[in-house]
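We did not get these values from a lab; they are worked out from the coordinates using the rules stated. Since we're looking at a predicted model, the values are computed, not measured. Virtual Cβ from ideal backbone geometry, glycine too; neighbours counted across all protein chains shown.
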Amino acid sequence: MPNGKEFLNDLELEREIKGMSDRQLSEFTARQVYDISILSTDNRDRIRTLEKRGRKYYGISGGIGATITGIVIGVIEYFRNRPG
């Protein structure tokens, strides 16, 4: 996992939970929830960055494609409507 964080597998988790007092279990749960919320926030920010990058790419490529298409159509119309 990122940042050196590792989640316990099911068997290790069961063993850890059975050996904990109520206070230890509450603190363990709070730490796990906090760690997961930090990971989800980091992932949300990464996803937003990737989505913005994708929109910029498609916007630029769409603009370039429209420009090229306009030039091609303009050249065709010029030669088609030219007198002579």
May I ask you to evaluate 6.51 cos²θ - 1.76 cosθ + 1.60, the Karplus curve with θ = phi - 60°, for each residue of segment 66-78 and list the ³J(HN,Hα) values in order in whole Hz, giving x for glycine and proline?
5, 5, 4, 4, x, 5, 4, 5, x, 5, 4, 5, 4
Length released on extending from residue 42 to residue 28, taking residue separation times 0.36 nm less the Cα-Cα span
2.9 nm
Give me the distance between the Cα centres of segment 15-40 and segment 42-66, rounded to whole Å.
38
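Over the chain, what lengths in whole Å, largest first, do the semi-axes of the equivalent ellipsoid take, defined as the square roots of 5 times the eigenvalues of the alpha-carbon gyration tensor? Intermediate values should be presented prior to the final figure.
On the way: eigenvalues 800, 23, 10 Å².
Computed over the chain, the values are 63, 11, 7 Å.
Hey, what number do you get for the chain at 222 nm if only DSSP H runs of n ≥ 4 count, each worth -39500 (n - 2.57), divided across all residues, to the nearest 500? Spell out each step's value before the answer.
On the way: 2 runs with 69 residues, N = 84.
Mean residue ellipticity, 222 nm, calculated: -30000 deg cm²/dmol.
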If you add up the charges near residue 58, with Lys and Arg at +1 and Asp and Glu at -1, over every other residue whose beta carbon is less than 14 angstrom from its beta carbon, what do you get?
+3
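Is there a quick way to get the dipole size of the chain? I mean about its Cα centre, with the Cβ of Lys and Arg at +1 and of Asp and Glu at -1; what is the value in debye to the nearest 20?
Working: 14 positive and 12 negative charges, 173 e Å.
So the magnitude is around 840 debye.
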